[in-house]
Amino acid sequence: MSAGMRPVNFGHSIYLQEDPSIQNPIHKVLSTLISHKVHALLMGGQACVLYGAAEFSRDTDLVLLASDDNLALLRNALRELRCRRIALPPFEQQYLLRGHAVHFRSYHPDAMHMRVDVMSLMRGVDPFDQLWERRERLGSNDANLYNVVSLPDLVQAKKTQRDKDWPMIRRLIEADYVRQENPTIQQVRFWLLQSRTPEMIIELAQTYVQESESLSNVRKVLQYAWKADKSKIEIELNREELNERSVDRLYWEPLRKELEDLRHMNYAAEEEV
């Protein structure tokens with residue numbers, strides 16, 4: 001958990017001590033997006049930093065509304081940041097709406113070489129309008145608050161085939177668990193459904209018996225928690241992870257094929273926005 005973090009209300013603002021990881025150049029990127037009124041939410045590694053589960057992130061990952069108007073605002077912000085698209089697919093609405101990420105790099109002096117990745121659609125994650133309604137406002141003070149995907153949405157977005165995402169899910173939930181002194185039933189249910197720490201699952205199930213019983217048909221691992229059967233809990237957690245990884249690979253297969261097809265067309269590998 002980041003030093004100095006204190007919760008205000010679940011789903012509302014959380015303030016942090018000044019952290020160099022959210023200063024320049026990431027601050028420059030985020031403040032530019034805000035100044036151009038881009039409808040976007042911070043996710044990925046930097047969101048994990050703000051939720052107290054990571055210490056550093058080199059990239060700015062965003063989920064955004066892929067409307068014509070909002071993409072025009074984004075283009076203006078990227079131009080101010082002197083960004084160039086650095087990989088396929090092209091910066092076009094159709095690719096964002098199909099689930100691709102578009103990758104940029106800033107060459108502005110205050111954000112030199114900062115990578116900016118944008119998406120509008122993610123597997124298993126609700127549409128942007130719902131993400132926006134559930135967003136958090138995180139930062140160091142009222143003057144530096146950023147729109148960030150809610151913790152449950154960030155956890156869901158992290159359920160990918162990438163090795164690095166699964167330890168991060170665990171740390172995100174552990175940090176939230178430690179931070180909350182008087183959790184709501186909504187938070188308890190979230191932990192019961194998403195925790196990936198055997199000891200935490202056992203503690204939750206034995207502390208919140210009624211809630212864990214009501215969710216045991218939704219999440220099989222809870223059935224082993226009442227007996228504190230750590231070995232079976234670990235087996236079931238591994239099964240959950242392998243299933244999500246498999247589903248994610250299937251989801252990305254046609255998108256990867258589309259990227260491969262684009263590489264054989266006459267698109268520039270890098271271009272100005």
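No lab work stands behind these numbers, since they all come straight from the coordinates. Here the structure is a predicted model, which means the values were calculated and not measured. Here the Cβ is made from the backbone with ideal geometry for all residues, glycine too, and neighbour counts use every protein chain on show.
Annotation: amide H of residue 101 has no partner in the under-5 Å range at sequence separation 5 or more or interchain, hydrogens built in the peptide plane. Distant-in-sequence amide contacts of residue 108, defined by a placed amide H-H separation under 5 Å and a gap of 5 or more residues or a different chain, comprise 113. Look at where the Cα atoms of region 53-106 and of region 117-186 average out, and the two centres are 19 Å apart. Rounded to the nearest Hz, the phi-derived 3J(HN,Hα) couplings of region 189-199 under the Karplus curve 6.51 cos²θ - 1.76 cosθ + 1.60 (θ = phi - 60°) are 5, 4, 4, 4, 7, 10, 4, 10, 10, x, 4, where x marks glycine and proline.
Bridges between two residues of the chain, per DSSP, are antiparallel at a rate of about 70%. Whole-Hz Karplus values for region 105-117 come out as 9, 7, 10, 6, x, 8, 9, 4, 6, 5, 8, 10, 10 Hz, taken residue by residue from phi with 6.51 cos²θ - 1.76 cosθ + 1.60 and θ = phi - 60°; glycine and proline positions read x. So how strong a dipole does the chain carry about its Cα centre when Lys and Arg Cβ are +1 and Asp and Glu Cβ are -1, to the nearest 20 debye? Value, rounded to 20: 300 debye. Residues 38, 209, 29, 247 in ascending order of nearby Cβ atoms (within 10 Å, fewest first): 209, 247, 38, 29. Here the Karplus relation 6.51 cos²θ - 1.76 cosθ + 1.60, evaluated at θ = phi - 60°, turns the backbone of region 253-269 into coupling constants of 4, x, 5, 5, 4, 5, 5, 5, 5, 5, 5, 8, 9, 8, 7, 5, 5 Hz, with x for every Gly and Pro. Across the chain, C-alpha contacts under 8 Å between residues 6 or more apart give a mean separation that, scaled by the residue count, equals a relative contact order of 19 percent.
Assuming charge only on the beta carbon of Lys and Arg (+1) and of Asp and Glu (-1), the dipole of region 183-253 about its Cα centre is about 100 debye to the nearest 20. Less than 5 angstrom separates the built amide H of residue 62 from those of 43, 117, 118, 119, all sequence-distant by 5 or more or on a different chain.
Could you check which residue among 99, 45, 139 shows the biggest mean-square fluctuation in a GNM of the chain with a 10 Å Cα cutoff? Checking each option, the largest mean-square fluctuation is seen for 99. As a quick test, which of the pairs 28/158; 28/257; 164/257; 159/230 have an alpha carbon distance above 29 angstrom in this structure? Going by Cα-Cα distance, 28/257 fall outside the 29 Å limit.
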